[in-house]
1. Could you name the lysines whose alpha carbon sits less than 26 Å from that of B:Lys525, not counting residues in the same chain fewer than 8 places away?
2. Give me the dipole magnitude in Debye, nearest 20, for the protein assembly as shown about the Cα centre, with unit charges on the beta carbon: positive for Lys and Arg, negative for Asp and Glu.
3. Is the C-alpha gyration tensor of segment B:571-730 telling us rounded, prolate or oblate? Criteria: a/c under 1.5 is rounded; beyond that, a/b larger than b/c is prolate, otherwise oblate.
4. Got a sec? Charge dipole of the protein assembly as shown, +1 on Cβ for Lys and Arg, -1 for Asp and Glu; which of B:Tyr439, A:Val225, A:Leu246 is way out at the positive end?
5. I'd like the antiparallel share, as a percent to the nearest 5, of DSSP beta bridges with both residues in chain B.
6. Peptides B:341-349, B:81-89: what's the order by average Cβ count within 10 Å, highest mean first?
7. From Cα pairs below 8 angstrom and at least 6 apart in sequence, can you work out the relative contact order of chain A, rounded to a whole percent?
8. Straight distance only, please: which lysines reach the Cα of B:Lys592 with their own Cα at less than 19 Å, same-chain residues fewer than 8 apart left out?
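Throughout, read-outs are computed from the coordinates displayed, never taken from laboratory work. Bear in mind the structure is a predicted one, so any value in this text is a computation, not a measurement. Neighbour counts are summed over all protein chains in view; Cβ atoms, including those assigned to glycine, are modelled from backbone coordinates with ideal geometry.
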Amino acid sequence: MLRVENLKVKFDQIQVVRGITFTLRQGMILSVLGESGSGKSVSAMSIMKLYGENQALITADKLSLNEIDLLSINERSMQKIRGVQIAYIFQNPNDALSPNKTIRSQFKELFRVHHRTYDEKEIEALLETVGLNIESKYILNMYPHQLSGGQAQRVTIALALSLNPKVIIADEPTSSIDASLTDVIVELLLSINKKYGISILFITHDFDLAARISDEILILYGGLVMEYGKKTEIFNHAKHPYTQELMKCVNSIQSRDGELYTLTGYALDPTEFKDECPFWYRCMYSTVVCKSQIPQLIEARDTSSCFVRCIHALEVNNE
Amino acid sequence: MFKKLQLYLGCAVLVILVMMILFPSFFTTVNPYATEGLKSYVDEEGTYHLEKAPFAPQKGMIMGTDEMGRHIWSLIVYGTKLTMTLAFLIVILRFILAIPLGFLAGFGSLTAHGTIDKLSRFFGTIPTLLLCIIILKMEFFVGLDKNMSILSFVLLLGFVGFGKTGIVIEERVTSINREPFVKGDIAIGKSKTQIALTTVFRHLYPELIVMFFLEFARVLTLLLQLGLFAVFVGNVRFIEDTSNGSVKTMDISYEPEWASMLGAARNNIRSAPWIVFYPAMAFFISVLGLNAFGESLRNVLSGQIKIKKPSRFVIGVLLLVLVSFIGVKSWEFYQTNYGFELKEQSVSGLNLTDEPVLMGNSNALIATTYIEQQLNQRGFLPLKGNRIIQNYPSEKGYYAKVANVILNDLDITSEVVWLAHGDFDIEASLLDLQDADLYDKNLLNQIDTSEEIVLVLDGRFYSEFEIENISTRFALSEKIAGIIWRKDLDTIRQKNLSNLSLRVPVLYLSQNFSIAGLTETNKVKIYEDCEVTSSQGQNLYAILPGTSPSMGEEAIILGLAYNANTKDSFEKLCQFNLSVLDAVIENKANRKRTLIVLFLDGTMNDAFNGIADYANQSLYSQKDVLLYVDLTRVEGLDKGEILFDQNQSPISRYFAYTFSMQFAEQLDKTNIKAVKIENSNFMDQLLFDEKGFPTLIIGLKEDRKTTDTNKVDLKDLGQMITTVINQNNY
């Protein structure tokens, strides 16, 4: 179980993530939805401490994986966890794979780093699991630049699965590949989740994808969690004005009639963050109170396990 | 097109450099240490001539010679190894320092970053060249031997230049660390070290290889600049002129090395520009070629030049470079080892009696006939007349055919040297007069005894001439039955061959031999069956002409002895002499210069020494004799101490000087200390004084004082001598 409470990340003097809280339980898929610049990837990479010590300052009230406190353990211990207990799938597979090593040597390296024995047959079987049936025999001899986007991404998924992690963080895994392959990847992740019980933290900006894949959804905006809860709650009873606006946008695309609904204004840059609700200037319900403080993330009154950060949430939903 | 030309040029220069390092004899057959063309000789009237080097480029020496008469082309060819090795070691040191620090800095280490940054700034501000000149010109560094000099060069030049390289590496490592795939490495749990070695280094090493060659060219340029300021490895400085209160020195390098040739620039740029021009060209071509190669390598690795299997090309080049430095094990100029064996000669089959071999006695006649036959068999020709054996007139001499000296039942025959011979058979008591004043006229009158007495005298403070005179005087007294002089036998030149025959026996007894409490109760028995020598000595003069058209007339003379006290020591000595000749002449291709061999008679006593006969004649062109190696002090022993005297081979006689230096190197290599000659006199310098032949004396003598660790046997001595002779027969 991955527990994150009030995760904050600062680059130089800029607070990019201002407090993220969620719990990723065993076998669950949690989607983190948000626009560009909302802090999704930064949060994901901070959980795995992929930033160097002098690059980012990461703080949290709690950051633990199965009772291991990820914040306080040293780098050496963290290296033993990365790749084994918690794996990462990058947005662009060709960035994650080393360009001058064959796929085989990348698998071997992973096994060598964690002192496991490399078994070629097992890896071929794994590649077949991720859908590289025919190619599995010769793909191991290839270099990353010789693979298509879809093949490369499936290889990174196979790499992530190699050592049977408990948690996989998938950072927009379909963004840089063909739309036609999106389904394949998504189905693959779902099947992994069902077959192996691996929890997945799925980072995306695509509502549809989040709808398909998730058990729970977390909406990020301005470095903060705006709304967090079960998928059905979010989609059917969105409480936060921002979430509701997003739903309108999605419905507008799906309805295909007339003009597309757009959300006016623009998302704030982290340098513009202040101690106020980050959505107030785009929100039709905002009042002076919204400008004076950052609202707390509170449990919605009529539903359990659904949290919303809005002072006017009840009023908004009663309308 | 240009890029491919650049590649070909770079490869060509690299291959030529490697070939010059590995197979220098392919490019030139001239010994870079030897002087061909420095004509220094004494003519028949006794006038010393010096035809001065440096010689301009001419037939037989395509690039001319330097001030010492060494061929410039040969110096360049053989100097490639030392110059390139020096540059290579400096670059390697820079990389050894820069790579770890650059990596550490690139991975965030502030200490590493600070170190290379500060060092780079520091040496960037101070003119590195000037700093190196100041440091390396200090007395301490100038006086170092070759290996320590190389070490100090490498350490200093490596250290002052690594900062810049470190910064470049740090920048590249930092840049690689920013690549996304490094995050991928972190995500799978790799440590920084693993990332550095498996990912960063893999991306960086092609650039490192290119940097290596470019840095190599840069270091060569630095060495060239230092050379112009006369800062180079293996300095020999000698003083040209001390008039007017100022000391004018000439700095040369003993070793062939490019930068040292440029050091002559200041003195000779106008009068002998070729000394500077050709080495400068060598530097220029090397730097150009290495730069071209480095740039081409960069083009190959980045794909701008298409080559099939570029990785194999790179690996091939690296192997070539490595082989040329690591494969060449020996630091010395010579690749081959010249073997020496004490070969079985048929000398043991001769019918020698138990007498000594000397001065025309029956043994000597057998010996000389045998040696002449051996020389003829080996292709030697008579130097004079039509026979190798040449007689010379001599005074009458005496030696012991059989002798026995017994002191208190102890046989001390081998501890004594006979001064005055005769037929004796006496038994007497000893009288200790070691404290007496031997010039006291009344000394003998004070002796009051009825029995026969043998005097024991202290000869330490008397010369051999005085001892002879005193002995002659004392022998007249009927009271005296014999005289024993205590003296350090090492100070006596003669060995049992004497021109003195008195009424009583006169002996030298080694000072080291202790006689406890000399009183009248000590008895000595002296027996001698004396022989008179013939009045003719027999020398053997042989010559083996050289084969080289340009230097075949230049000659090395070997002086060998064949006189011996016992049959056994004669056999050993003869075996040694003939084995030395075999080892020197067996390689026909090596017989470039003429070899003159003198087997000399009477070497046991200056009065009879056959060298005087040779010195009185002019049997070979004086100006062509480069060196006389006097081996007449080699005795037929199992083990002994090496004698070595190079006082008659000054640096102005360069061939002889380098020959003596090389022999000294041989001694160093085997950790043997040679001893000086304690009883040196004019006879040792005879050929040098009379004929101007630089002389080197090498001998093997018995000594009971030293421990075994400093003794060698004839095989070791022969090995050293023949190695040096063979090395210099070019």
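1. B:Lys401, B:Lys479, B:Lys487, B:Lys495, B:Lys567
2. Magnitude of the dipole: close to 5380 debye.
3. Note, shape of segment B:571-730 comes out rounded.
4. Among B:Tyr439, A:Val225, A:Leu246, the one farthest towards the positive end of the dipole of the protein assembly as shown is A:Leu246.
5. 60
6. The densest-packed peptide leads the list: B:81-89, B:341-349.
7. 22
8. Output for B:Lys592: B:Lys39, B:Lys59, B:Lys623.
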